[in-house]
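The values are calculated or read from the model by the stated rules, or taken from the named source; none is laboratory data. Keep in mind that this is a model prediction, so the values were computed, not measured. Reconstructed Cβ throughout: ideal geometry from the backbone, glycine too, with neighbour counts over all protein chains shown.
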């Protein structure tokens, strides 16, 4: 039986500080990563963000945390009875922000602009997560299959596919699926596979937590409450943090 704390009416959904704080942690980590990236772009430091495991693994973990939280949120929303109109309103915000990211990145990096980054991938995966969230524990297995499918497919393509076949999946028309043998030239790339698997794991965790409502409702230590506040405004913060960071570094450059 679903815990009563997660069955409120959709008109007044509960917010869980622990979930918001986890999302806020992702935002802080992302900000530190992007600030370091910007320092590199402006020439204040010299790091290889595209090949150095220190940075590539951090990026993987940050994106994983974002998508896990998104899946977690969808499971909780479904358990609370969130209506489809409410879902579509939030989804439209994500999609509009994804388009703005494309336009902004095209202005700054015309040769490597973002056409299927984290928000683009999230817009597609959120629909899938919403439709499948009621499947509960089965999403652990689906998530594992999604990640394994990516690995197996890429191995098969590398081993047996012709150059023409490989080119099809590396093209911008299909590389959003994730069956690539060569990373596209873009500043952010979050394809459907394997990342849908991470969101499914988040949804599976959310389904489990909604059956154990007390785990979600535990109060946060005071020191973590700012993270929960930040997590409630994650999309707005995501869209604003880079313009602010870049603007601050540009101002610093003019001053010195």
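Taking residue 190, is it buried (at least 18 other Cβ atoms within 10 Å of the Cβ), touching a residue at least 24 places away in the same chain (Cβ under 8 Å), closer than 30 Å to residue 103 by Cα and in contact with a strand residue (DSSP E or B) (Cβ under 9 Å, 6 or more places away or on another chain)? Spelling it out, residue 190 is indeed buried (at least 18 other Cβ atoms within 10 Å of the Cβ), touching a residue at least 24 places away in the same chain (Cβ under 8 Å), closer than 30 Å to residue 103 by Cα and in contact with a strand residue (DSSP E or B) (Cβ under 9 Å, 6 or more places away or on another chain).
The C-beta contact set for region 231-256 (first residue at negative phi and part of a helix (DSSP H, G or I), second residue modelled with pLDDT under 95 and surrounded by fewer than 16 Cβ atoms within 10 Å (Cβ to Cβ), distance under 7 angstrom, 6+ apart or interchain) comprises 232/15; 249/42; 253/42. Filtered by the rule that a residue be within 16 Å of the chain's Cα centre (by Cα), surrounded by 15 or more Cβ atoms within 10 Å (Cβ to Cβ) and over 12 Å from residue 195 (Cβ atoms), region 127-153 gives a lone residue, 130. Here residue 71 fulfils each of the conditions (1) surrounded by fewer than 15 Cβ atoms within 10 Å (Cβ to Cβ); (2) closer than 30 Å to residue 201 by Cβ apart from (1).
Okay, residues lined up against (1) outside any helix (DSSP H, G or I); (2) under 15 Å from residue 124 (Cα atoms):
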{"residue": "151", "(1), (2)": "no, no"}
{"residue": "179", "(1), (2)": "yes, no"}
{"residue": "183", "(1), (2)": "yes, no"}
{"residue": "186", "(1), (2)": "yes, no"}
{"residue": "197", "(1), (2)": "no, yes"}
{"residue": "205", "(1), (2)": "no, no"}
{"residue": "209", "(1), (2)": "no, no"}
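In region 93-126, the residue that is farthest from residue 66 (Cα to Cα) out of those that are in contact (Cβ under 8 Å) with a residue 40 or more places away in the chain and not in a helix (DSSP H, G or I) is 111. Tallying residues that are buried (at least 16 other Cβ atoms within 10 Å of the Cβ) and in contact (Cβ under 8 Å) with a residue 24 or more places away in the chain within region 157-180 yields 6.
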